[in-house]
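Working notes, structure below.
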């Protein structure tokens, strides 16, 4: 009875605080303290568990990747990647839509953040598409759904977060596992946008003068180099995740200050402030969720969830479908990072028990919660699109429905065909 009451206190207090719009990290901390007091656990133990969540060598990669992403986002790389993408595919029917998705694929490989991609690429592409005759709801739909590639492609800091909370699942394996699904998602979104563009008779993109090709290609490849350093360096075993993140930061600073000359001392100061603000939120969230996850384990909540799921179905297909439905629902009401930290300790053991590899589960989790960034009431990516496109939430959500259908199909393929995410890690990571 004591453990049952403690579970109710832990989950109930968190839910109440969440509904009262208390910040997630603070809600997790207060819930953990209240439960610890009820169980007679010294507060020092709760504090120790919070510190243990941050006491990881791999944790160093997260602030470095966030810093690199902020530098790239403010350093003019997004506009150069848009021009590079336009040179590659812009002359197709509805070319700007395809350019939009390809740009977010490239940019997602640099920032690893869907919201950053939607903001950086959307601020360029949405006004450009509207000026060229595209419907604004279509422009917002393409931008926001294309940005979800960033949660799958390296160096997604959400993948690193999952690695930490999942007990040290290999970061190189997770990065490799996200490549094929991330690129495949981009391709199917391009096909979907191309079909819609043909039906709506959207125009082709403007031709880039031949004399500008060389400059566009060089600047585009230079902008892609940080992502290539990270991916190739980690997968080839040349760098650890921390080392690749540090090299990416140094390269990014040199590129945007000495190469493109987009960032001066004043702007770098603003980038540092933005990085520290984001980092303080992320680290507090990791610390608070560590204590919360420890109490979930102490109270045997994962076993209770497993018992609940198996009481509904014992088939492998049914269990995986239920896990996806739970995550899709939670993604509608909570942001991505806290969900990774809260749901992984509960649902990962269930998935592993039914034969899913932790690496495959990580990719499935990323795409699932990425879809949550598009679904109201909490979907942060769709709100960015609405703001940039001056669109209501209802109009934007209606516009992304065809793309959401494609993304859910991709989610099912990743869930039930392990080879999509697991083939590359088995080939490259030893």
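Would you pick out the residues in the range 298-330 that are over 23 Å from residue 370 (Cβ atoms), surrounded by fewer than 16 Cβ atoms within 10 Å (Cβ to Cβ) and touching a residue at least 60 places away in the same chain (Cβ under 8 Å)?
Answer for the range 298-330, where residues must be over 23 Å from residue 370 (Cβ atoms), surrounded by fewer than 16 Cβ atoms within 10 Å (Cβ to Cβ) and touching a residue at least 60 places away in the same chain (Cβ under 8 Å): 300, 304.
Of the numbered conditions (1) modelled with pLDDT under 80; (2) touching a helix residue (DSSP H, G or I) at 6+ places or on another chain (Cβ under 9 Å), residue 124 fails exactly one; give the number of that condition.
It fails just one condition, (1).
Please go through the range 147-168 and give me each residue that is under 12 Å from the mean Cα position of the chain (by Cα) and assigned to a helix (DSSP H, G or I), ordered by number.
Within the range 147-168, 147, 148, 149, 150, 151, 157, 158, 159, 160, 161, 162 qualify.
Residue under question is residue 187, and the condition is that it be without any contact (Cβ under 8 Å) to a residue 60 or more places away in the chain, closer than 23 Å to residue 119 by Cα and either surrounded by fewer than 19 Cβ atoms within 10 Å (Cβ to Cβ) or in contact with a strand residue (DSSP E or B) (Cβ under 8 Å, 6 or more places away or on another chain) (or both); does it hold?
For residue 187, the condition - without any contact (Cβ under 8 Å) to a residue 60 or more places away in the chain, closer than 23 Å to residue 119 by Cα and either surrounded by fewer than 19 Cβ atoms within 10 Å (Cβ to Cβ) or in contact with a strand residue (DSSP E or B) (Cβ under 8 Å, 6 or more places away or on another chain) (or both) - is met.
Do you know which residues across the range 237-251 are outside any loop (DSSP other than H, G, I, E, B) and farther than 15 Å from residue 63 by Cβ?
Once the filter is applied, which keeps residues that are outside any loop (DSSP other than H, G, I, E, B) and farther than 15 Å from residue 63 by Cβ, the range 237-251 yields only 251.
Kindly indicate whether any position in the range 336-354 is surrounded by fewer than 19 Cβ atoms within 10 Å (Cβ to Cβ), touching a residue at least 60 places away in the same chain (Cβ under 8 Å), touching a helix residue (DSSP H, G or I) at 6+ places or on another chain (Cβ under 7 Å) and not in a helix (DSSP H, G or I).
No; the residues of the range 336-354 include none that is surrounded by fewer than 19 Cβ atoms within 10 Å (Cβ to Cβ), touching a residue at least 60 places away in the same chain (Cβ under 8 Å), touching a helix residue (DSSP H, G or I) at 6+ places or on another chain (Cβ under 7 Å) and not in a helix (DSSP H, G or I).
In the range 13-36, how many residues are surrounded by 14 or more Cβ atoms within 10 Å (Cβ to Cβ) and without any contact (Cβ under 8 Å) to a residue 12 or more places away in the chain?
So the answer is 2.
Restricting to the range 200-236, name every residue that is within 24 Å of residue 170 (Cβ to Cβ) and not in a helix (DSSP H, G or I).
236
Quick one: which residue in 22, 45 is out of contact with any helix residue (DSSP H, G or I) (no Cβ under 6 Å at 6 or more places or on another chain), assigned to a helix (DSSP H, G or I) and at pLDDT 80 or above?
Selected residue: 45, the only one of 22, 45 that is out of contact with any helix residue (DSSP H, G or I) (no Cβ under 6 Å at 6 or more places or on another chain), assigned to a helix (DSSP H, G or I) and at pLDDT 80 or above.
The values are calculated or read from the model by the stated rules, or taken from the named source; none is laboratory data. Computed from a predicted model, the values in this text were never measured in an experiment. Glycine gets a Cβ as well: all are built from the backbone with ideal geometry, and neighbour counts include every protein chain shown.
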